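To keep things clear, I will list the structure first and then write my remarks on it.
Just so it is clear, none of the values below were taken in a lab; they were calculated from the coordinates. Values in this document were obtained by computation on a predicted structure and should not be read as measured data. Note: ideal-geometry Cβ built from the backbone for every residue, glycine included; neighbour counts use all protein chains shown.
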């Protein structure tokens, strides 16, 4: 059983972190001002003061269109920042759970297994894969590839030609929470059944009139099908 008081969650003010607070209120959720992943010495002092057995690293710069405009920030936060977290875990012999993304896959076939080749299609995904590379250098790390959104779909339109395993954040947080005490390493996929973004949006609220949208209608690269094969997770958790 993980010592909750010695568990640190980065990105605690984000979507996933806000849900985790409901499940694990006793975990430490330091703000970026007191635990900035780009400031190694600051993080080290925090751990020296509070102790650390596990870091759940969810802090990231996540907007693909904004990353296209400011790739340097993605390098600093998603690649260098994650490398700093890995180094910290190595120094203090702490476990690491790194929250990655389904976008590390090319998106041309779907039903991706953990062992399938990766090939990101945008700079956001490349930066998250950079974080994965750092995490893979540490034997006590678990990379969770997942995809989630708000519990209410936040947009007026949704893609009808993009396939995903996305779930509402409360569902994904619940699934990830079951991995906290599981002594596993490597990579695992967490998500729901394959569906279009439009179907996902309607599953969250079928009373709203959500318009249909094509991936050809947007200015940034969108993978067609990044649905995840979650058999490994289901076998581990459900037997």
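Structure remark: mean-square fluctuation, Gaussian network model of the chain, C-alpha springs under 10 Å; the largest value among 132, 156, 76 belongs to 156.
The fewest-to-most ranking of 184, 176, 215 by surrounding Cβ atoms within 10 Å reads 184, 215, 176. Kirkwood analysis of the stretch 98-239, using all unique Cα-Cα pairs, places the hydrodynamic radius at 15.7 Å.
Relative contact order, whole percent, for the chain stands at 20, derived from Cα pairs under 8 Å and 6 or more residues apart.
Taking the empirical scaling 2.2 N^0.38 Å for compact globular proteins as reference, the stretch 190-239 has a Cα radius of gyration ratio of 1.48. Based on alpha-carbon atoms, the Kirkwood radius and the radius of gyration of the stretch 12-56 give Rg/Rh equal to 0.97. Placing a label point 7 Å from the Cα of residue 76 along the Cα-to-Cβ direction, the residues of the stretch 18-42 whose backbone N falls under 16 Å of that point are 32-42.
Length gained on full extension, residue 215 to residue 177: 10.4 nm, using 0.36 nm per residue less the C-alpha separation. In whole angstrom, the chain maps to an equivalent ellipsoid with semi-axes of 29, 19, 17, each derived as √(5λ) from the alpha carbon gyration tensor and ordered largest first.
In terms of other Cβ atoms within 10 Å, 221, 70 run from fewest to most in the order 70, 221.
Seen against the Cα atoms of the chain and their longest principal axis, helix 123-136 is set at about 40 degrees. Bin width 5 Å, alpha-carbon pairs only: give the P(r) of the stretch 1-119 as whole percents, running from 0 to the bin holding the largest distance. With 5 Å bins starting at 0, P(r) equals 2, 10, 19, 21, 18, 14, 9, 4, 1, 0.
Shape summary of the stretch 65-178, radius of gyration then Dmax from alpha carbon positions: 15.1, 46 Å.
With a Förster radius of 25 Å, plug the Cβ-Cβ distance of residue 160 and residue 194 into 1/(1 + (r/R0)^6) and report the FRET value to the nearest 0.05. According to the calculation, E is roughly 0.95. Only helices enter the 222 nm calculation for the chain: every DSSP H run of n ≥ 4 contributes -39,500 (n - 2.57), and dividing by all residues gives -9500 deg cm²/dmol, rounded to 500. Residue order for 118, 23, fewest other beta carbons within 10 angstrom first, comes to 23, 118.
By the equivalent-ellipsoid construction on the alpha carbon gyration tensor, the stretch 84-131 comes out with semi-axes of 26, 12, 7 Å, ordered largest to smallest.
Against the chain, whose longest principal axis comes from its Cα atoms, helix 40-50 is set at around 70 degrees.
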